[in-house]
Amino acid sequence: MKCRLLLLFLLFSASHLYGQTYEYLGLLKLPDSSLIPFRLDFKEMEGKVSGYSYTDLNGEHETKSKVVGQYDSKEDLLEFREVELVYTKSDMMETTFCNVYFTGKMRRLNGKSKIEGTFKGFYDDFTSCVNGELVMTAAKKIQKRTDKFQRRVNRMDRIADSIKEKINMDKMFNRYSKNDLKGGEQLNILWEDKYLKLVIWDDGEVDGDQIDLVINGNKILSAYSPVSKKKEMILTLKDSVNTVSLKAINLGTKPPNTAKIQLVDKNGEVIDLASNLKLNEEVTFVFYKEKPKVKKS
């Protein structure tokens, strides 16, 4: 009994000290009625909010940014703003990034309540770009509803198995919740550090997938087969722009070629990714020491 009470106390203390993490999924609604998938992962501690936003997750313009803000429990008010680009699939040399500044209501910060309100968009120089609305629901709540609906579909005898396969809610949910890289995609990353820790492994069934890993034209892994044990490498980023590519050269016994990848900086900040490649497909990571300056159109 004493051990159980001690464990509960330690869990409560850790939650209070480091803040609880919340995950929300939703949509940015623009004035022209277009909708953009938006994910928010954040921690709150003593009213201070910090975390990350993901815009167009798994889309061709997927972008991750750092966010900071505050939560007022008395007024049920949540405010946050995007303050720093982490990575994007958009062309860094041509794209001007519109940062989200959000203010809205949140009935209770408990991982269940909705987030609803308006946002204003600003470029890095604080000139206005676009305004709109943001509506979000807790990821756990969406997953619970998704699982319930999927179970109902699977139990329906009137629906053919071929149709049930198409009504795959998990795939729809994962569209907004996982960071997958497909063949031909390029991830552009702001990385000020001189060094990069790259971690790669197979978190599923090890089936003999093989990859080549190349940095700035130099092959550092040849026909490597990721296994369940994580392989860690420290890479030196010598240039102002550095390129790392990962190519599938063997699909193993169960295609496609898959691997889990982590990019870790000196402060322990992690970018979690997963590759999903066909034979001879590759993904590219381009590391910029500083954000290119682009003229606003």
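The values are calculated or read from the model by the stated rules, or taken from the named source; none is laboratory data. Given the structure is predicted, the values throughout are model-derived calculations rather than measurements. Every residue, glycine as well, gets a Cβ built from its backbone with ideal geometry; the counts of neighbours run over all protein chains shown. Just so you know, the surface numbers come from the protein's heavy atoms only, side chains and all, with ligands and any DNA or RNA stripped out. Shrake-Rupley method; radii C 1.70, N 1.55, O 1.52, S 1.80 Å.
Ranked by accessible surface with a 1.4 Å probe, highest first, in what order do Thr127, Thr21 come?
Working: Thr127 55, Thr21 80 Å².
Order by accessible area, largest first: Thr21, Thr127.
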Open item on the list: With the crude spin-label approximation of a point 7 Å out along Cα→Cβ, what separation in nm comes out for Lys229 versus Lys48?
Closed with: 4.0 nm
Task: Arg39 - accessible surface, heavy atoms, 1.4 Å probe, Å² rounded to 10 - done: 30 Å²
Open item on the list: Net charge around Cys129, counting only other residues with Cβ within less than 11 Å of its Cβ (Lys, Arg = +1; Asp, Glu = -1)?
Closed with: 0
Task: Förster radius 35 Å - calculated FRET efficiency between Lys74 and Thr236, Cβ distance, rounded to 0.05 - done: 0.10
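Sorted by packing (mean other beta-carbon atoms within 10 Å per residue), highest first, where do 217-223, 102-108 land? Could you put the intermediate results ahead of the total?
Values: 217-223: 11.0, 102-108: 16.1.
The densest-packed peptide leads the list: 102-108, 217-223.
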Task: Leu57, Leu109, ranked by accessible area, largest first (probe 1.4 Å) - done: Leu109, Leu57
Task: Area accessible to solvent at Lys289, 1.4 Å probe radius, in Å² - done: 60 Å²
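Given charges of +1 on the Cβ of Lys and Arg and -1 on the Cβ of Asp and Glu, with all other atoms neutral, how large is the dipole of the range 190-297 about its Cα centre, in debye to the nearest 20?
Working: 17 positive and 16 negative charges, 101 e Å.
In debye, rounded to 20, the range 190-297 gives about 480.
Please state the relative contact order of the range 29-136 as a whole percent: Cα pairs under 8 Å, 6+ residues apart?
Details: 238 pairs, mean separation 20.6, N = 108.
Relative contact order here is 19 percent.
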Open item on the list: In the range 74-129, if the dipole is taken from +1 on Lys/Arg beta carbons and -1 on Asp/Glu beta carbons about the Cα centre, which of Cys129, Phe97, Gly117 is farthest to the positive end?
Closed with: Gly117
TODO: At 0.36 nm per residue, minus the direct Cα-Cα distance, what do Ser222 and Asp124 gain on full extension? Give it in nm, one decimal, please.
DONE: 31.2 nm
Task: Probe 1.4 Å, all protein chains present, accessible-area order of Val286, Val135, largest first - done: Val135, Val286
Task: Average Cα contact separation per residue, the range 168-297, under 8 Å, 6 or more apart, as relative contact order % - done: 36 percent
Task: Cβ-based net charge around Lys254, under 9 Å, with every Lys or Arg adding one and every Asp or Glu removing one - done: -3
Task: Intensity falloff of the range 227-297 expressed as log10 I(q)/I(0), Debye formula with alpha-carbon point scatterers, at q = 0.17 Å⁻¹ - done: -0.82
Task: Modelled label reach - Glu290, point 7 Å along Cα→Cβ, the range 80-110 residues with backbone N closer than 16 Å - done: 85, 93
